[in-house]
1. Scan the range 91-108 for residues that are part of a loop (DSSP other than H, G, I, E, B) and among the aliphatic types (A, V, I, L, M) and jot them down.
2. Working only within the range 1-39, note down all residues that are in contact with a helix residue (DSSP H, G or I) (Cβ under 6 Å, 6 or more places away or on another chain) and of a type outside the set (Phe, Trp, Tyr).
3. Across the range 3-19, what is the number of residues that are over 10 Å from the mean Cα position of the chain (by Cα) and either outside any strand (DSSP E or B) or on the phi > 0 side of the Ramachandran plot (or both)?
4. Identify, from the list GLU98, GLU87, GLU107, the residue that is surrounded by 21 or more Cβ atoms within 10 Å (Cβ to Cβ), touching a residue at least 12 places away in the same chain (Cβ under 8 Å) and of a type in the set (D, E, K, R).
5. So for the range 63-81 (the condition being β-branched (Val, Ile, Thr) and either surrounded by 15 or more Cβ atoms within 10 Å (Cβ to Cβ) or modelled with pLDDT of 90 or more (or both)), does at least one residue qualify?
6. Please list, ordered by first then second residue, the pairs with beta carbon atoms under 8 Å, 6 or more apart or interchain, first in the range 20-43 and in contact (Cβ under 8 Å) with a residue 12 or more places away in the chain and more than 19 Å from SER146 (Cα to Cα), second surrounded by fewer than 21 Cβ atoms within 10 Å (Cβ to Cβ) and among the β-branched types (Val, Ile, Thr).
7. Do we have any residue at all in the range 52-59 that's crowded, with 18+ Cβ neighbours inside 10 Å and modelled with pLDDT under 95?
Amino acid sequence: MEKELYKKILVATDGSANTARAIKYGIELARIADADVCAVYVLDTSACASMPMDAAWTSLYELLRAEGNEALKYVEEKCEQSSVPFEGVVLDGHPAHEIVDYANENEIDLIVMGTLGKTGLDRILLGSVASTVAHTSSVPVMIIRSIDIDEGTGTAAD
């Protein structure tokens, strides 16, 4: 018998409404494939690495971790509604690197994540976690746009 294609699907979330569509796709694919969902939220601590660890930073860190836990709780609730096994983890570091490392270290078969669909200067200035993951991961990556694009015009459809 051939090995199942997907056993563990990583669904990356940042807790924003922009990732809801990717979460929906990841969970549905897991349901169809009889796979587990592993949701990952990454606290982007790379920009704060040079800050001293004082009481203010500790309070901010705890607030950000709580937001991460809320984001994972949302994915867990959606998994429960679809009867899909769930596991969640909050990681610290650069989001793209942490997602790729986690996938490699935890036998993930597919990474599902959203993108804002930014183009031009916004994309250059802000970078793209999804793009970095897609280009550096040895695990297949499915990128889901968070908005519907009108194929005729290339603009967001209402």
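1. Across the range 91-108, the qualifying residue is only ILE108.
2. Matches in the range 1-39: ILE9, LEU10, VAL11, ALA12, THR13, GLY15, ILE23, ILE27, VAL37, ALA39.
3. Qualifying residue count for the region: 8.
4. Step by step, each of GLU98, GLU87, GLU107 is checked, and only GLU98 is surrounded by 21 or more Cβ atoms within 10 Å (Cβ to Cβ), touching a residue at least 12 places away in the same chain (Cβ under 8 Å) and of a type in the set (D, E, K, R).
5. Within the range 63-81 (the criterion being β-branched (Val, Ile, Thr) and either surrounded by 15 or more Cβ atoms within 10 Å (Cβ to Cβ) or modelled with pLDDT of 90 or more (or both)), the answer is yes, since at least one residue qualifies.
6. CYS38/VAL89; LEU43/VAL90
7. The answer is no; no qualifying residue exists.
The values are calculated or read from the model by the stated rules, or taken from the named source; none is laboratory data. Just so it is clear, the structure is predicted and the values come from calculations on it, not from any experiment. For neighbour counting, all protein chains shown are included, and Cβ atoms are generated from backbone atoms with ideal geometry for every residue, glycine included.
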